[in-house]
Amino acid sequence: MSAVAGKNGAVNICASYVGAPASLCNVRNWKISETTGTIDTSGMCDDGVQTFIAGPTAFTVSVSAVWETDETDVVGSPPTIHSGAAVDFELFPDDSLSDLYWSGSGIITSYSVDCPYDGLLTFELEIQGSGELTHPSAHT
């Protein structure tokens, strides 16, 4: 197994149905969270013991990056990246491994800009996945 450092990661994003996702500049962090709901199958004949089966799956994506005035995805009226926007995305742990990435579609449910007194202007966004999250295949 070969470990991968996140320092060369990349996030590509675009408005859904507009074309190929373009790279966001100066991404600091990205994260995928997958969940599976459960369905209670318990009945009165189960002696008070609950039983479950796997239910629907869902995923969210979080991204934080440095906000830049020439980043066309975050400036404009409206910018590509704004709350309520439908987007397609690709998430690379290392941009040199072009076949090792997650991809999918979703809706930006949260977009915030942080302007600290003593730091860089940054933004964070949350994407609620819609449909299937495509996982990377084994990299050799």
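The values are calculated or read from the model by the stated rules, or taken from the named source; none is laboratory data. These numbers come from a predicted model, not from an experiment. Quick reminder, even Gly has a Cβ in these numbers, built from the backbone with ideal geometry, and neighbours come from all protein chains shown.
For the stretch 102-116, what are the residues that are in contact (Cβ under 8 Å) with a residue 60 or more places away in the chain and either of a type in the set (Phe, Trp, Tyr) or outside any strand (DSSP E or B) (or both)?
If the condition is that a residue be in contact (Cβ under 8 Å) with a residue 60 or more places away in the chain and either of a type in the set (Phe, Trp, Tyr) or outside any strand (DSSP E or B) (or both), then Trp102 is the only one that fits.
Only one of these conditions is not met by Val61: (1) farther than 14 Å from Ile13 by Cα; (2) at pLDDT 90 or above. Which number is it?
(1)
Can you spot a residue in the stretch 85-92 that is in contact with an Asp or Glu (Cβ under 6 Å, 6 or more places away or on another chain), surrounded by fewer than 18 Cβ atoms within 10 Å (Cβ to Cβ), closer than 19 Å to Ala15 by Cβ and at pLDDT below 95?
Checked against the condition, which is being in contact with an Asp or Glu (Cβ under 6 Å, 6 or more places away or on another chain), surrounded by fewer than 18 Cβ atoms within 10 Å (Cβ to Cβ), closer than 19 Å to Ala15 by Cβ and at pLDDT below 95, the stretch 85-92 yields no hits at all.
If you scan the stretch 38-72, which residues turn out to be closer than 27 Å to Glu132 by Cα, of a type in the set (Val, Ile, Thr) and touching a strand residue (DSSP E or B) at 6+ places or on another chain (Cβ under 6 Å)?
Across the stretch 38-72, the qualifying residues are Thr38, Ile39, Thr41, Ile53, Thr57, Thr60, Val61, Val63.
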